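**Student:** The following block contains the structure, expressed as structure tokens.
Values quoted throughout were computed directly from the atomic coordinates according to the rules given, and no laboratory measurement underlies them. Source: prediction; values computed, not measured. All Cβ positions, even for glycine, are placed from backbone atoms using ideal geometry, and neighbour counts span all protein chains on display.
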Amino acid sequence: MANIIDGKALSKETRQHVKEEVSRLEKEHGKTPHLVVVLVGEDPASQSYVRGKERACKRAGIRSTKIEKDASISEEALLNLVNELNSDPEVHGILVQLPLPAHIDSNRVIETIAQKKDVDGFHPLNIAALQIGTKGVLPATPKGIMTMLNSIDIDLQGKKALVIGRSNIVGKPIAHLLLKNHATVTMAHSRTNDLAWEAKQADVIIAAAGKAKMVTGDMIKEGAVVIDVGVNRVDDKLIGDVDFDSAEKKASYITPVPGGVGPMTITSLLQNTVECFKHIENI
Ligand code: NDP
């Protein structure tokens, strides 16, 4: 039976460290990190994510401001708003909740956010920094996954890692982080010929395809570490990309859904906000 990597517990512990750091920074410098979240439209999932982020900021002592805009806002008006936030010295982090309405080019919006305030780590310069190994802001979900892997003291050097999914926000950046840690990385996607075979070779599997229970126990090598990023709503329940019941019989470590990668993503966002604050304030 696998050990569970408890994202909730690890988040609680990590957020406590963030809270202590925020309080120390306040005492020593008289300033508080400030995150601005821009929410466009009324998508219930986005509203719920934003609420979760605001709650987490509050608990960690991070100041947060939510700016809500109607779904009809023009791209130009949204870009102007981002530019205002870029030049506001009281703002240390800017997050524009995705997805945006179809008439707005998300890439243009992301590119407009100042790199040093890009707490999501989606700006092309932050992506480039990750690829060439220079300092930048790491995207929250991959950063959270690395915190989870570090928590079990796994030595990734020479390990075979399979990343299922090649999105810009999860698959590609986590593959780079695994590479940076000297794993031998394979990336699978919807055109991969034999996913079961690829999975069977892997010491570490990162499942981020958004397909409920697609990774089953028979695909997993005995003792592999399995990180389930997927969040799929099935019959009003949240289900991961991994079939937990069969996978936990083979894996050495596994993350649950919910209570795994999800809480770590928000935790990484808090860490990124503090890092951006320190960078901007030269601390
Ligand atoms: P995307 O939809 O952007 O990407 C999905 C990727 O999975 C694509 O690269 C796609 O391949 C690949 N894929 C789809 N079907 C298969 C298949 N049958 N076999 C192999 N690969 C497949 O998703 P995201 O990266 O944004 O998210 C992935 C999952 O992670 C979702 O469930 C999402 O909800 C969840 N998520 C969870 C977060 C958290 O905090 N817990 C944060 C972010 C995402 P192709 O490129 O060929 O189309």
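**Student:** Sort out which residues of segment 148-168 are within 16 Å of the ligand (Cβ to nearest atom) and either over 28 Å from Asp203 (Cα atoms) or crowded, with 20+ Cβ neighbours inside 10 Å (or both), and write them in order of number.
**Tutor:** Taking segment 148-168 and keeping what is within 16 Å of the ligand (Cβ to nearest atom), we get 148-149, 161-168.
Answer for segment 148-168, where residues must be within 16 Å of the ligand (Cβ to nearest atom) and either over 28 Å from Asp203 (Cα atoms) or crowded, with 20+ Cβ neighbours inside 10 Å (or both): Met148, Leu149, Ala161, Leu162, Val163, Ile164, Gly165.
**Student:** Next up: Of the residues in segment 243-280, how many are free of Cβ contacts under 8 Å to residues at least 60 places away in the same chain and in contact with a helix residue (DSSP H, G or I) (Cβ under 9 Å, 6 or more places away or on another chain)? Even if it seems obvious, please write down each step before you answer.
**Tutor:** Within segment 243-280, the subset free of Cβ contacts under 8 Å to residues at least 60 places away in the same chain is 243-246, 257-258.
Then drop every residue that is not in contact with a helix residue (DSSP H, G or I) (Cβ under 9 Å, 6 or more places away or on another chain), which leaves 243, 245-246, 257-258.
Within segment 243-280, residues that are free of Cβ contacts under 8 Å to residues at least 60 places away in the same chain and in contact with a helix residue (DSSP H, G or I) (Cβ under 9 Å, 6 or more places away or on another chain) number 5.
**Student:** Another one. Can you name the residue in segment 115-130 that is touching a residue at least 40 places away in the same chain (Cβ under 8 Å), assigned to a helix (DSSP H, G or I) and farther than 15 Å from Ser167 by Cβ and is also farthest from the ligand (Cβ to nearest atom) among such residues?
**Tutor:** Among residues in segment 115-130 that are touching a residue at least 40 places away in the same chain (Cβ under 8 Å), assigned to a helix (DSSP H, G or I) and farther than 15 Å from Ser167 by Cβ, the one farthest from the ligand (Cβ to nearest atom) is Lys116.
**Student:** Continuing with this model, one more query. Which of the residues spanning segment 74-105 are free of Cβ contacts under 8 Å to residues at least 40 places away in the same chain and either in a helix (DSSP H, G or I) or surrounded by 16 or more Cβ atoms within 10 Å (Cβ to Cβ) (or both)?
**Tutor:** Glu75, Glu76, Ala77, Leu79, Asn80, Asn83, Glu84, Asn86, Ser87
**Student:** While we're on this one: Sort out which residues of segment 1-47 are touching a helix residue (DSSP H, G or I) at 6+ places or on another chain (Cβ under 6 Å), part of a loop (DSSP other than H, G, I, E, B) and more than 29 Å from Ile227 (Cβ to Cβ), and write them in order of number.
**Tutor:** The answer is Thr32, and nothing else.
**Student:** Enumerate the helices (runs of 4 or more DSSP H) found wholly within segment 164-283, keeping only those where 3 or more residues are in contact with a strand residue (DSSP E or B) (Cβ under 8 Å, 6 or more places away or on another chain) and under 22 Å from Gly52 (Cα atoms). Write out each step before concluding.
**Tutor:** Working: elements: 171-180, 195-201, 244-247, 261-280.
Helices (runs of 4 or more DSSP H) meeting the threshold: 261-280.
**Student:** Further question on the same structure: Give me a count of the residues in segment 173-195 that are more than 6 Å from the ligand (Cβ to nearest atom) and either touching a residue at least 24 places away in the same chain (Cβ under 8 Å) or buried (at least 19 other Cβ atoms within 10 Å of the Cβ) (or both). Walk me through how you get there before you give the answer.
**Tutor:** From segment 173-195, those more than 6 Å from the ligand (Cβ to nearest atom) are 173-187, 193-194; that's our starting set.
Right, trim to either touching a residue at least 24 places away in the same chain (Cβ under 8 Å) or buried (at least 19 other Cβ atoms within 10 Å of the Cβ) (or both) and you get 173-178, 180-187.
Matching residues across segment 173-195 total 14.
**Student:** Also, quick follow-up: Return the pair list, or none, for Cβ contacts closer than 7 Å from residues in segment 41-68 that are touching a residue at least 24 places away in the same chain (Cβ under 8 Å) to residues that are surrounded by fewer than 19 Cβ atoms within 10 Å (Cβ to Cβ) and among the acidic types (Asp, Glu), at least 6 apart or on different chains.
**Tutor:** If the second residue must be surrounded by fewer than 19 Cβ atoms within 10 Å (Cβ to Cβ) and among the acidic types (Asp, Glu), the pairs left are Ser64/Glu54; Lys66/Glu54.
**Student:** With the condition kept exactly as written, say whether any residue in segment 88-97 is more than 29 Å from Arg233 (Cα to Cα) and under 18 Å from the mean Cα position of the chain (by Cα).
**Tutor:** Within segment 88-97, the subset more than 29 Å from Arg233 (Cα to Cα) is 88-93.
So of that shortlist, the ones also under 18 Å from the mean Cα position of the chain (by Cα) come out as 93.
Within segment 88-97 (the criterion being more than 29 Å from Arg233 (Cα to Cα) and under 18 Å from the mean Cα position of the chain (by Cα)), the answer is yes, since at least one residue qualifies.
**Student:** Mind listing just one residue for me: the one in segment 14-46 that is acidic (Asp, Glu) and exposed (fewer than 13 other Cβ atoms within 10 Å of the Cβ) and, of those, farthest from Glu84 (Cα to Cα)? Even if it seems obvious, please write down each step before you answer.
**Tutor:** Going through segment 14-46, the residues acidic (Asp, Glu) turn out to be 20-21, 26, 28, 42-43.
Retained after the next criterion (residues that are exposed (fewer than 13 other Cβ atoms within 10 Å of the Cβ)): 20, 28, 42.
Values: Glu20: 30, Glu28: 28, Glu42: 23 Å.
Filtering first and then ranking leaves Glu20.
**Student:** Specify the residue that is farthest from Gly217 (Cα to Cα); the eligible residues are those in segment 248-264 that are touching a Ser or Thr at 6+ places or on another chain (Cβ under 7 Å) and either surrounded by 24 or more Cβ atoms within 10 Å (Cβ to Cβ) or among the basic types (Lys, Arg) (or both). Lay out the reasoning, then the answer.
**Tutor:** Restricting attention to segment 248-264, the residues satisfying the condition of being touching a Ser or Thr at 6+ places or on another chain (Cβ under 7 Å) are 261, 263-264.
Right, trim to either surrounded by 24 or more Cβ atoms within 10 Å (Cβ to Cβ) or among the basic types (Lys, Arg) (or both) and you get 261, 264.
Numbers: Val261: 20, Met264: 24 Å.
This residue is Met264.
**Student:** So, in segment 202-238, of the ones that are among the acidic types (Asp, Glu) and away from the ligand (no atom under 11 Å from the Cβ), which residue ends up nearest to Ala140 (Cα to Cα)? Lay out the reasoning, then the answer.
**Tutor:** Taking segment 202-238 as the starting set, the residues that turn out to be among the acidic types (Asp, Glu) are 203, 218, 222, 228, 235-236.
Of the ones still in play, those that are also away from the ligand (no atom under 11 Å from the Cβ) are 203, 218, 222, 235-236.
Details: Asp203: 23, Asp218: 30, Glu222: 29, Asp235: 28, Asp236: 26 Å.
By that ranking, first place goes to Asp203.
**Student:** Can you list residue pairs whose Cβ atoms sit under 6 Å apart, with the first residue in segment 196-214 being within 14 Å of Ala224 (Cβ to Cβ) and free of Cβ contacts under 8 Å to residues at least 24 places away in the same chain and the second being more than 8 Å from the ligand (Cβ to nearest atom) and not aliphatic (A, V, I, L, M)? Count only pairs 6 or more apart in sequence or on different chains.
**Tutor:** Pairs that qualify, where the first residue is within 14 Å of Ala224 (Cβ to Cβ) and free of Cβ contacts under 8 Å to residues at least 24 places away in the same chain and the partner is more than 8 Å from the ligand (Cβ to nearest atom) and not aliphatic (A, V, I, L, M), are Lys200/Lys221.
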